[in-house]
Each structure stands twice: as C-alpha cells, then as structure tokens.
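To start, the structure under review is shown below, and the notes come after it.
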Amino acid sequence: MQNQFARTALLFGAEAMEKLRGSRVAVFGVGGVGGYTAEALGRSGIGTLDLIDNDTVSLTNLNRQIIALHSTLGQYKVDVAAARLRDINPEIQVHAHRCFFLPETAGQFDFSQYDYVVDAIDTVKGKIEIIMRAKEAGVPVISSMGAGNKLDPSALRVTDLYKTKVCPLARVMRYEMRKRGVKSLKVVYSEELPVETDPQLTAALVAEEGGIRRSIPGSNAFVPSAAGLLIAGEVIRELAAK
C-alpha cells in the first residue's frame, strides 16, 4: 500500500523502514545545520526525535535556517521544528527540549535511550559533553564542525575527526578528544579555507546584537544545509543497516 515513505522504501526495503520507525534520534542544536538534519530524519521515517535547543528564531536566521520564517520569528526553534515534523508525519514522536546544552544541564538527558546522537551545536564545552555522554552510553554520535564563513558545499567531507584538516574547530576538538582518550569520532567538516568577512559589516552586526560577541561568522543558505543533510544521510544509512 502506498504511503508517504514509499519512495524511501524502494531504496532501503520494508525491513529497514521498520528499523527507522522504531529508532530514536537526538539532535542537539536546531539551527542552520541541525534544522535540516532533523527535517531530513523526519522525512526519512525516523519514529522518534528529541530536539534540544534554547534559542528562538531571529531575523538573521532567515537567510539559512529551514524553520526560520517571518511567521515564526520569536518562537522557540524546537517548537517550530516539532510542529513542522508533526505536519510532515503525524505519527512521529517529537520531544522538544528548550534547553541550552552544557555540562551543567547534561544530567537532564539519558543518552542510553537514543539510537543515534547528532551534535550540531556551536559551543566547544557542549560538544565535548555530548560526545562523551554518547560514548559512555555506547551510542553512535556524529558531530558537525564549523560551517560558518564557508561558500563551497562541495568541500564538505564525512570522515573521522583525526583525519580532518583546515577546519579550526576540528583542530580544537582533536586536541580535546585526544586528551579524553577518544579514539575516533565521525564528523562532517569543510576543507574550504574560511572566507574573510567584511570588517565594517561584521562590526555593525556585532553592535546591533549588543556587543555580546566579539565576532559573528558569515553564513548562507547552502553550506549549513548541505552539512545537515550529509549528517542525516549518515544517520539514516547506519540505522537502516543495523
């Protein structure tokens, strides 16, 4: 019988689709990368998603985030993403967590309940905590490295963290993971050298946002989205093959 996943089932088969429907995936960070990951997972038949993010949709998200519309400005990203996913698949279970994930809030999550974990957040402390918690629980995890200040989606790669190059965030994460004895970590990263942004426009944007950050990376509609879709593809293929 035809259903909304019929085209996906042609590629993976009925048994794999049942595996996906019975899987639970956590997506930490529902922004430029994680928003596309979450939607692709939902459209691929994942049965349960946990979305973790404390941010709300802002005007500057409109250029790249799939959940960002003028009609969603000011709303929590996890709430917007959850509503979209339920509209795509009314049978999906979505747990929306309005939470800024850091070591201090990590105790709110039982990683052993997940079949896969996606790290799509920006803070190094948070990324380390997600990865270590997933590793301790024996749950596969994939981590997004820096997608800001990049223009070439074809430069994105899926590889082990210790095989990365060029990416400044990956360099920091290699150091931190080596210190903690982590032998391997699947990541999506870009081999493109960061693009230099306009200093005057950057300073103006920093000032508009209250000067909280010293610098703000440039971004676009096609690199973070491509990274998010690459992550989703890895998750789906691995879970379908279990």
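Coordinate-derived values only; no laboratory data. If you're wondering where the values come from, they're calculated on a predicted model, not measured in any experiment. Cβ: placed from backbone, ideal geometry, glycine included. Neighbour counts: every protein chain shown.
Figure the gain on full extension for Arg171 and Glu18 (residue separation times 0.36 nm, minus the Cα-Cα span) and round it to one decimal in nm.
Residue separation times 0.36 nm, minus the Cα-Cα distance, leaves 51.2 nm.
Sorted by mean Cβ packing within 10 Å, highest first, what order do the peptides 35-47, 177-189 take?
Answer by packing, highest mean first, reads 35-47, 177-189.
Of Leu169, Leu229, Leu20, which is the most mobile in a GNM of the chain whose springs link Cα atoms less than 10 angstrom apart?
Leu169
Figure the gain on full extension for Lys186 and Leu102 (residue separation times 0.36 nm, minus the Cα-Cα span) and round it to one decimal in nm.
Stretched out fully, the Lys186 to Leu102 stretch lengthens by 28.2 nm.
Nearest 10 degrees, 0 to 90: what angle lies between the long axis of helix 199-208 and the longest principal axis of the chain (Cα atoms)?
70 degrees
For Ala155 and Arg86, calculate 0.36 nm times their separation in residues minus their Cα-Cα distance, and state this gained length in nm to one decimal.
Length difference between fully extended and current span is 21.6 nm.
How far is helix 223-241 tilted off the main Cα axis of the chain, in degrees rounded to 10, range 0 to 90?
Relative to the chain, helix 223-241 is tipped by roughly 30 degrees.
What 222 nm value per residue comes from the helices of the chain, counting each DSSP H run with n ≥ 4 as -39,500 (n - 2.57) and dividing by all residues, nearest 500 deg cm²/dmol? Before the final figure, lay out each step's value.
Working: 8 runs with 92 residues, N = 242.
Computed ellipticity for the chain at 222 nm equals -11500 deg cm²/dmol.
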